[in-house]
Amino acid sequence: MNWGFDSNSRPDVEKQDSELRLIPSWSVALSVVMFIAVQFLFHVDNGGPQHHGGPAPVRWLFSYSWGTALASYVLLIGYISRDVKRRNMSPGIWMLIALVMPGGIGAIVYFLLRQPVMTRCPSCRTELASGFHFCPQCQFQMAPVCGQCFRGVHITDAFCVQCGHDLTEDSMPARLRSFSD
């Protein structure tokens, strides 16, 4: 059933897919192994007299919750290992912080302090934060902006949502104008 939208034309779905692709295959494989290992540890009966596994439903609950938690943590570490490189941060330091700090606190600290994703200016190759509208080195227009208030606008907008300026009067670069036609 197609609920009225096409996932191929939605940028938020594309962004989520590209974020998931950052998880390396070694992390996915290791998380599966961790999940299976936890299931094995909870459900294999040692046969010894001191083995008190508890009732089966409790063992299943604990095995799935611990297995899921450990597998998710391994996936998170894998994501951080790739994301830290994409943001031009020190991989060694951030992986050490994410692994050593207990209870996933290192991962939370990483997500709170991580740098924005950097892009390069097509004109002069200067590294820029992804939210820049103009390159600070060569004034190359990276994204469409209002000619009056200079705030970001969508290519398809006819008027600025901030100040109401008629965007068709602005001299937008041809490479940006071609997207809106």
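The values are calculated or read from the model by the stated rules, or taken from the named source; none is laboratory data. Being a predicted model, the structure only gives us computed values, none of them experimental. As a convention, Cβ positions derive from the backbone with ideal geometry for all residues, glycine included, and neighbour counts pool all protein chains shown.
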Taking the conditions exactly as written (touching a helix residue (DSSP H, G or I) at 6+ places or on another chain (Cβ under 6 Å) and at pLDDT 90 or above), does Phe42 satisfy them or not?
no
Looking only at residues in segment 107-117 that are exposed (fewer than 14 other Cβ atoms within 10 Å of the Cβ) and out of contact with any strand residue (DSSP E or B) (no Cβ under 9 Å at 6 or more places or on another chain), which one is farthest from Ala69 (Cα to Cα)?
Leu113
Note on segment 58-90: residues without any contact (Cβ under 8 Å) to a residue 24 or more places away in the chain and either outside the structural domain of Ser27 (by TED's automatic domain parsing) or closer than 17 Å to Trp26 by Cα (or both) are Lys85
Using beta carbons and a limit of 8 Å, which pairs, at least six apart or on different chains, have the first residue in segment 132-150 and within 13 Å of Thr119 (Cβ to Cβ) and the second one surrounded by fewer than 14 Cβ atoms within 10 Å (Cβ to Cβ) and of a type in the set (Gly, Ala, Ser)?
Cys135/Ser123; Phe140/Ser123
Say we look at segment 118-167 and pick out the residues that are of a type in the set (D, E, K, R) and exposed (fewer than 13 other Cβ atoms within 10 Å of the Cβ); which of these is farthest from Arg86 (Cα to Cα)?
Asp166
Complete set of residues in segment 91-105 that are in contact (Cβ under 8 Å) with a residue 12 or more places away in the chain and more than 19 Å from Glu19 (Cβ to Cβ):
Ile97, Leu99
When you go through Val109, Val161 one by one, which is the residue that is modelled with pLDDT of 80 or more and assigned to a loop (DSSP other than H, G, I, E, B)?
Val161
